[in-house]
Amino acid sequence: MSTRMRDAMLSRLAELRYEPTEKRVRAVLGDQTVVDTTRAVLVWEPRRVVPSYAVPVDEVRAELVESTSDRPDDGRPVLHPGIPFAVHSTLGEPYGVRLDKLDRDGAAFRPADAALDDLVVLDFQAFDAWFEEDEPIHSHPRDPYHRVDVRPSSRHVRVEVGGELLAESTRPTLVFETSLPTRFYLPLEDVRAELLPSDRVTYCPYKGRATYWSTAARPHLLWTYREPLPDAALLAGLVAFFDELVDVTVDGVPRPRPDTDFAKAIVEESGM
């Protein structure tokens with residue numbers, strides 16, 4: 001991404017943004033549905049790259065209680081999904097959500113913005129299940145301006161690390177996803193490295209449930225969507241490497257390693 005494009009993206013992220021959605025949205029806490037609304041609003045706090053759901057206060061079937069769980073905003077330029085919900089970048093009041101013996105401190109936030117006066121923003125991770133209409137969703141609400149374009153290709157892709165060839169393919173599938181590096185998904189048969197099972201699992205609200213493979217040298221180095229969501233059906237069974245941790249050459253041209261928080265989390269977890 002060019003400096004100009006990055007600056008434009010950061011400028012847009014600097015604002016508090018919100019947009020109504022006509023989807024029926026439900027949230028479950030324990031075994032009870034505590035939100036069931038057709039009046040939800042997607043809210044992006046300043047510098048947040050993914051939205052949260054705000055719902056009418058009078059449609060929350062749980063008690064909102066005072067909370068002191070606010071965490072300081074350290075001013076980092078981007079608040080990615082790994083940054084806790086309790087880090088707020090706009091003025092407002094945090095609340096806990098209490099239902100019977102369940103108490104999720106800091107799981108709600110009421111922004112000071114007048115346009116959101118009757119709404120409360122909810123921490124997606126604090127609830128046990130979410131639904132858009134009758135479809136379960138994972139990780140975070142879907143952004144209506146986020147695209148995932150999956151394109152079969154005949155480019156020549158080589159993946160190496162330290163001079164060792166890990167994979168080579170002339171039948172990759174490329175994924176172009178808003179604000180993220182291009183990913184190269186390869187048939188498993190085109191991977192040369194010995195793969196070891198990994199217990200890591202992540203969820204993408206656009207592509208589905210990802211499981212991981214490790215190599216002898218690096219844990220959780222590549223992933224696959226065994227049963228992707230419909231918009232990513234072409235990815236079923238293919239594997240992608242963390243290009244941040246390997247060297248990728250496409251049609252003979254080396255690609256710079258991207259710098260993302262996803263790979264940083266892998267490095268931190270594994271102590272590399």
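Scanning the range 81-116 for residues that are within 18 Å of Glu15 (Cβ to Cβ) and exposed (fewer than 15 other Cβ atoms within 10 Å of the Cβ) gives Leu91, Ala112, Asp113, Ala114, Ala115. When residues in the range 51-77 are screened for being closer than 25 Å to Glu177 by Cα and either modelled with pLDDT under 95 or not assigned by TED's automatic domain parsing to the domain that holds Glu93 (or both), 2 of them pass. Residues that are closer than 11 Å to Val161 by Cβ and modelled with pLDDT of 95 or more within the range 216-231 comprise just one, Leu221. When the residues of the range 66-80 are filtered to those that are surrounded by 14 or more Cβ atoms within 10 Å (Cβ to Cβ) and without any contact (Cβ under 8 Å) to a residue 60 or more places away in the chain, the one that is farthest from Ala54 (Cα to Cα) is Asp73.
Restricting attention to the range 127-181, the residues that are free of Cβ contacts under 8 Å to residues at least 60 places away in the same chain and small (Gly, Ala, Ser) total 5.
Of the residues that make up the range 189-209, is at least one in the same structural domain as Pro258 (by TED's automatic domain parsing) and assigned to a helix (DSSP H, G or I)? So far as the range 189-209 goes, yes, one or more of its residues are in the same structural domain as Pro258 (by TED's automatic domain parsing) and assigned to a helix (DSSP H, G or I).
With (1) at pLDDT 95 or above; (2) out of contact with any strand residue (DSSP E or B) (no Cβ under 8 Å at 6 or more places or on another chain) as the list, and Val120 as the residue in question, which single condition is left unmet? All conditions are met except number (2).
Each residue in the range 246-260 was checked for being touching a residue at least 60 places away in the same chain (Cβ under 8 Å) and either touching a strand residue (DSSP E or B) at 6+ places or on another chain (Cβ under 7 Å) or on the phi > 0 side of the Ramachandran plot (or both), and 7 of them qualify.
Scanning the range 245-272 for residues that are crowded, with 16+ Cβ neighbours inside 10 Å and either within 17 Å of Ala193 (Cβ to Cβ) or modelled with pLDDT of 95 or more (or both) yields a total of 6. Among the residues of the range 222-240, those that are part of a strand (DSSP E or B) and touching a strand residue (DSSP E or B) at 6+ places or on another chain (Cβ under 6 Å) comprise Leu222, Trp223, Thr224, Tyr225, Val239, Ala240.
Only one of (1) touching an Asp or Glu at 6+ places or on another chain (Cβ under 9 Å); (2) in contact (Cβ under 8 Å) with a residue 60 or more places away in the chain fails for Asp100. Which number is that? Checking Asp100 against (1) touching an Asp or Glu at 6+ places or on another chain (Cβ under 9 Å); (2) in contact (Cβ under 8 Å) with a residue 60 or more places away in the chain, the one that fails is (1). Every listed requirement among (1) over 24 Å from Asp247 (Cβ atoms); (2) not in a strand (DSSP E or B) is met by Ala216 save one, (1). Within the range 225-244, the set of residues being surrounded by fewer than 18 Cβ atoms within 10 Å (Cβ to Cβ) and touching a Ser or Thr at 6+ places or on another chain (Cβ under 8 Å) comprises Arg226, Leu234, Gly237, Glu244.
The values are calculated or read from the model by the stated rules, or taken from the named source; none is laboratory data. Predicted model, so just to flag it, every value in this text is computed and none were measured. Neighbour counts are summed over all protein chains in view; Cβ atoms, including those assigned to glycine, are modelled from backbone coordinates with ideal geometry.
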